[in-house]
1. What do you reckon, is Asp143 touching a residue at least 12 places away in the same chain (Cβ under 8 Å), over 18 Å from the mean Cα position of the chain (by Cα) and closer than 30 Å to Asp255 by Cβ?
2. For Leu210, state whether it is within 19 Å of Thr123 (Cβ to Cβ) and either in contact with a helix residue (DSSP H, G or I) (Cβ under 6 Å, 6 or more places away or on another chain) or aliphatic (A, V, I, L, M) (or both).
3. Across segment 69-95, what is the number of residues that are under 29 Å from Leu160 (Cβ atoms) and surrounded by 22 or more Cβ atoms within 10 Å (Cβ to Cβ)?
4. Scan segment 246-257 residue by residue and report those that are at pLDDT 75 or above and either open to solvent by less than 40 Å² (accessible area, probe 1.4 Å) or charged (D, E, K, R) (or both).
5. Would you pick out the residues in segment 264-273 that are surrounded by 16 or more Cβ atoms within 10 Å (Cβ to Cβ) and either modelled with pLDDT of 70 or more or hydroxyl-bearing (Ser, Thr, Tyr) (or both)?
6. Going residue by residue through segment 101-108, is there one that turns out to be among the charged types (D, E, K, R) and touching a residue at least 40 places away in the same chain (Cβ under 8 Å)?
7. Which of the residues that make up segment 193-220 are charged (D, E, K, R), closer than 17 Å to Val137 by Cβ and surrounded by fewer than 14 Cβ atoms within 10 Å (Cβ to Cβ)?
8. Given Ala45, Ala14, Ala34, which one is modelled with pLDDT of 85 or more and under 23 Å from the mean Cα position of the chain (by Cα)?
Amino acid sequence: MNKLQAFGLIVSQAVRGELTFPTSVNSALQLQLALAEPDCHIDHAIKLVLAEPLLAARTVALANSAVYSRGEGAPVTSVRAAVMRMGYRNLYALVAAMVVRQFGSKIIDPALRQKATQLWEHTAHVAALAHVLARRVTHVDADTALFAGIVHEVGGFYLLSRADEFPGLLDDDADHWMESAEEIISREVMKKLLIPLAVSEAIEGLRDGLLSIPPDSLLDTLLLAKQLSPVPSPLQVTYVEMLTPSDSVIDFIIDNETLQSILAESAEEVRSMSAALLV
């Protein structure tokens, strides 16, 4: 099977809803469905978290991270206390982060594993930067921005997980096929993961979106976060580089002192999230 046929197969399966997820992802999806129910009782949510030991450990770790523990006093030591501190929305974001990470967990090819590792590092930086930028620059909901940052490359993770089945699929000469494939795959994976419409629209807007002046939307937040991320996406192609804001535009929007403060704060959040999510 040549590359064009392989991309065609993966895309056609995605469009038909035939998405191949690791078993651990399916478990996380069950929790997501439960959390999405408006009458989900906290005891039921805690029971579901405890049923997944890795999720339970990471829930407590993330609740104690810099992202969520500011001014909250002593560290939490139980899943119940962690869920109470984080809330359902942030627990939902944590589950999404686990889903994203699990797509790369079974990759065998060393080159693809390296891409998946770099893509997660990029994702962690974008999520942390989006969280800080939302609070201090764009003034959109910071928890939504964090969630959007976590899932904004989910299509790329899925494509990497499937590329392991087709040696050489993502070699450098595949960019012109990968662009269209990733766009379609991202849309279908986000549907499967029940990503809220406002978030999925902002993520899809990254392909051809332009930064507003002043920046005041979720899309603007993601565009700025991707530009400021010290780790680039290994799947980033030329059109993204052209459409993300330039350094001169960022200098116009954010003064240097504020920018350095934002970078320092987001770096601490990345370190803190890494302890909870990257292990």
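The values are calculated or read from the model by the stated rules, or taken from the named source; none is laboratory data. For clarity, every value in this text was computed on a predicted model and none was experimentally measured. Ideal geometry is used to build each Cβ from the backbone, glycine not excepted, and the neighbour counts take in all protein chains shown. When the accessible area is computed, the model is the full protein with side chains, heavy atoms only, and any ligands, DNA or RNA have been set aside. Shrake-Rupley method; radii C 1.70, N 1.55, O 1.52, S 1.80 Å.
1. Details: touching a residue at least 12 places away in the same chain (Cβ under 8 Å): yes; over 18 Å from the mean Cα position of the chain (by Cα): no; closer than 30 Å to Asp255 by Cβ: yes.
Criteria not met by Asp143.
2. Working: within 19 Å of Thr123 (Cβ to Cβ): no; either in contact with a helix residue (DSSP H, G or I) (Cβ under 6 Å, 6 or more places away or on another chain) or aliphatic (A, V, I, L, M) (or both): yes.
The answer is no for Leu210.
3. Going residue by residue through segment 69-95, those that are under 29 Å from Leu160 (Cβ atoms) are 86, 89-95.
If we keep only those that are surrounded by 22 or more Cβ atoms within 10 Å (Cβ to Cβ) as well, we get 86, 91, 93-95.
Here the count works out to 5.
4. Narrowing segment 246-257 to residues at pLDDT 75 or above: 249-257.
The answer is Ile250, Asp251, Ile254, Asp255, Glu257.
5. Filtering segment 264-273 for residues surrounded by 16 or more Cβ atoms within 10 Å (Cβ to Cβ) gives 265-266, 269-270, 272-273.
Answer for segment 264-273, where residues must be surrounded by 16 or more Cβ atoms within 10 Å (Cβ to Cβ) and either modelled with pLDDT of 70 or more or hydroxyl-bearing (Ser, Thr, Tyr) (or both): Glu265, Ser266, Glu269, Val270, Ser272.
6. Of all residues in segment 101-108, those among the charged types (D, E, K, R) come to 101, 106.
Now restrict to residues that are touching a residue at least 40 places away in the same chain (Cβ under 8 Å): 101, 106.
Taking every residue of segment 101-108 in turn, at least one turns out to be among the charged types (D, E, K, R) and touching a residue at least 40 places away in the same chain (Cβ under 8 Å).
7. First, the residues of segment 193-220 that are charged (D, E, K, R): 201, 204, 207-208, 216, 220.
Those still in the list that are closer than 17 Å to Val137 by Cβ too: 216, 220.
Scanning segment 193-220 gives a single hit, Asp216.
8. Values: Ala45 fails: modelled with pLDDT of 85 or more; Ala34 fails: modelled with pLDDT of 85 or more.
Going through Ala45, Ala14, Ala34 in turn, just one is modelled with pLDDT of 85 or more and under 23 Å from the mean Cα position of the chain (by Cα): Ala14.
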